[in-house]
Structure formats: C-alpha cells, structure tokens
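No value in this document is a laboratory result; all are computed from the given coordinates. It should be emphasised that the depicted structure is a prediction, and the values quoted were computed from it without experimental measurement. Please note: Cβ atoms are built from the backbone with ideal geometry, for glycine as well, and neighbour counts cover all protein chains shown.
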Amino acid sequence: MRLVVLGFLMGLAASCSSGTRNLAADGVDSYDVAVARFRLANTISASCGKGKGSAVPGQFIVSDDYGTEAVQACGLIATTVEAPAFRAKFQSELCGKRTDCDAQFNEMFVARLIERYVLADWRAINLHCKAYPMECNSFSALEGWSRESHNKNVARIANQRSEEIARQREAAILDEERQQAASLVSAARAALATYLRMRYPAAVAPDVINR
C-alpha cells in the first residue's frame, strides 16, 4: 500500500509542478536592461572614436553585448579649452586687453568639470592632487582623475542596483517555491485522505488524515 500511495503522490506532484511560473521571463529582466542603460548613459568616454555617431557634438550612441543602447558623452573638456582658437576667443571676448585672465579661465574649466562629472568624488580628487601635485599639473591630468572618479561611481551604483535586483529576484523565487511546496502538501494531504477513504472507508479517522 505504501508504494501505491507514494507513486500516486509523485504523479500528483509532477502534474502540479508543470504549471510553475517562470519569474525570469515574467518582466524581471527589464530591470537588468534599465541598469545596463544607466551604466551606458552615464559613463563618459575620453574618445568619441567608438560607437555610432550622434547629431549632438560630444555624444555618441553605444551598445553592450545584449543590444542595449544609450547616448553617451564622449571627448574631453581639456581638449576643447586648450585649443588655441578657444583660448583666443576667451581672451578677446571676456578679458579684453587684460593679461591676468588665468584665474577666470581656470574657474571656467573647473566649473565645466563639475557640471559634466556629476558623480565624481571631488573631495578625494582634491586630496589626491594636494598629495601628488605633479599628477594634476595640467587640465588633461585633472580631467583624467575627474572622469575616472565619475565612471567608478557610475559602476558602483550600477553594481549595487544589480545586486539589489538579484536579491529581490532570489526572494521572489524562494517565495514562489514556498507557495508551491504549500500547495503540494495540501494536495498530497487531500489525495491521501481520498485514497484512505476509498481503501479503508470504515477505518480512517479525521485526525489520522490531517497529521
């Protein structure tokens, strides 16, 4: 009798599990796409040589291995402001005949860095440049540290979000498995009760069935 009951319950379990909902295919992956797009859109490339062109100067369209696309900023501010033509225009339009325009020019450059590299850790950059001034003795060097700090924080935020999504996905799967297990136990008890009533109609007490 034990083998008959076991075989009956195993068959019941197989039929119940065939309707399992696939959480991975139930819209969860859209969050992964959002994280990938955040990473692509906020990372800043030093060069615009890769990716598809954009109608906006200083931007291009990049994609990852999964086909996610985003518009990404590219190129360096230092390259623009250090160009002789830019310096000459700045001098003529903002300084006139003054020759002490360096402070204003430097403030302009730093303001552009802050505006562009919004996730950079400026306190850490300032500390590093004070400790190692020779590593920050040019506009391009200072922008290099700014871009690196910004991109690291973009990656950190994206990784944290990915880990959070993974935890949520795992919790959802565990909850689904608990619900399935509870359903199987309930179905098994009902099946066992039906079997025992049919096999031993006069001998089965309710408390035995519900154990």
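Could you list, ordered by first residue, the pairs with Cβ atoms under 8 Å in which the first is in segment 163-191 and within 27 Å of V35 (Cα to Cα) and the second is part of a helix (DSSP H, G or I) and of a type outside the set (V, I, T), at least 6 apart or interchain?
I165/Y31; I165/D32; R169/L23; R169/A24; A172/L23; I173/L23; E176/L23
Could you list all residues from segment 80-132 that are in contact with a helix residue (DSSP H, G or I) (Cβ under 8 Å, 6 or more places away or on another chain) and among the basic types (K, R)?
R87, R112, R116
Determine whether segment 80-90 contains at least one residue that is outside any loop (DSSP other than H, G, I, E, B), among the small types (G, A, S) and free of Cβ contacts under 8 Å to residues at least 12 places away in the same chain.
Quick first cut of segment 80-90, residues outside any loop (DSSP other than H, G, I, E, B) only: 80-81, 84-90.
Of the ones still in play, those that are also among the small types (G, A, S) are 85, 88.
If we keep only those that are free of Cβ contacts under 8 Å to residues at least 12 places away in the same chain too, we end up with 85, 88.
Within segment 80-90 (the criterion being outside any loop (DSSP other than H, G, I, E, B), among the small types (G, A, S) and free of Cβ contacts under 8 Å to residues at least 12 places away in the same chain), the answer is yes, since at least one residue qualifies.
Of all residues in segment 131-145, how many are farther than 20 Å from D102 by Cα and loosely packed, with under 11 Cβ neighbours inside 10 Å?
Residues in segment 131-145 being farther than 20 Å from D102 by Cα and loosely packed, with under 11 Cβ neighbours inside 10 Å: 1 in total.
Among what's in segment 146-171 and is basic (K, R) and surrounded by 16 or more Cβ atoms within 10 Å (Cβ to Cβ), pick the residue that is nearest to G75 (Cα to Cα).
R147
Can you tell me which of A155, A166, A124 is more than 22 Å from the chain's Cα centre (by Cα) and either part of a helix (DSSP H, G or I) or closer than 23 Å to A41 by Cα (or both)?
A124
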